[in-house]
1. Along each of the three principal axes of the Cα atoms of the range 81-218, give the extent in whole Å, ordering the values from largest to smallest.
2. Taking the highest mean first, how do the peptides 135-147, 189-201, 46-58 order by number of other beta carbon atoms within 10 angstrom per residue?
3. May I ask for the net charge around Asp18, where only other residues with Cβ less than 15 Å from the Cβ of Asp18 are counted and Lys, Arg are +1 while Asp, Glu are -1?
4. Amide H of Thr7: which non-local residues (sequence gap of 5 or more, or other chain) have their own amide H closer than 5 Å, using H built in the peptide plane?
5. For Asn56 and Asp156, FRET efficiency with R0 = 25 Å and r from the beta-carbon atoms, rounded to 0.05?
6. To the nearest Å, what is the center-to-center distance of the range 74-100 and the range 2-32, using C-alpha atoms only?
7. Once the other residues with Cβ under 10 Å from the Cβ of Asn52 are scored (Lys, Arg +1; Asp, Glu -1), what is the net sum?
8. Modelling each spin label as a point 7 Å along the Cα-to-Cβ direction, I'd like the Arg72/Lys99 distance in nm, to one decimal.
Amino acid sequence: MKFFIDTASLSEIQEAYDLGVLDGVTTNPSLMAKEGIGGKENIFNHYKAICNIVDNNVSAEVIATDLENILREGRELAKIDDKIVVKVPMIKEGVKAIKQLSSEDIRINCTLIFNAGQAIIAAKAGASYVSPFLGRLDDISMDGLALIQQMVRIFDNYGFETEILAASIRNNLHLIHCAEMGADVATCPLSVIMGLLKHPLTDSGLEKFIADYHKVNSEAVPV
Ligand code: G3P
């Protein structure tokens, strides 16, 4: 399973990268705005800065919703760095753009997927990744994880090469269930990635090991 971080914060990306388990980054216009990144030059420079931190897979989203401009933006974003994956929304013009851009060897992440039909269309058009937003489905009392399971089954049935990128992951259980179901990628905030490390019994167990060591060793803990 690949781990992507869902943020445009360079410090968070660096922190996750330093952990040694990061396979990529997803951004979106809301995450870029949260970092105060505006204006084409600044946005492109920011994507370049992200690419300079990680090894691969930096999703950069187009803003256009008409075919001509999705294609233009997609090609421009792809030129920033070989690590860029162009993020295209699940709309009719987006599907046409996925077909065209993927034929130009530009990797596409089709975003804003909320049902299996949308995922099938994006996969057939040639997307490298499809991004179902499971947390946002949960937000409206629909079962986000059920969608992941359904997509995994369908993609397995047909051997689709498109990877299922579980997005809008809000907590550890989301991520663990996605792993159980066989999602290819999970993108989540830094808090979720770091939260995977934690268990209260790990903390109390370690505290006791160190205390017991000190009962019979007067010198400091060896380094
Ligand atoms: O990658 C998609 C993600 O950013 C959406 O997450 O938490 O805004 O629903 P959220």
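1. 70, 38, 26
2. Values: 135-147: 14.9, 189-201: 13.2, 46-58: 18.4.
Order by mean packing, descending: 46-58, 135-147, 189-201.
3. Details: positive: none; negative: Glu12, Glu15, Asp23, Asp55.
Combined, the nearby Lys, Arg, Asp and Glu give -4.
4. Thr26
5. Numbers: r = 24 Å, r/R0 = 0.98.
The calculated FRET efficiency here is 0.55.
6. When both Cα centres are located, 20 Å separates them.
7. Details: positive: Lys48, Lys83; negative: Asp81.
Net charge in that neighbourhood comes out at +1.
8. 2.2
Coordinate-derived values only; no laboratory data. Since this is a predicted model, take the numbers as computed values, not measurements. Reconstructed Cβ throughout: ideal geometry from the backbone, glycine too, with neighbour counts over all protein chains shown.
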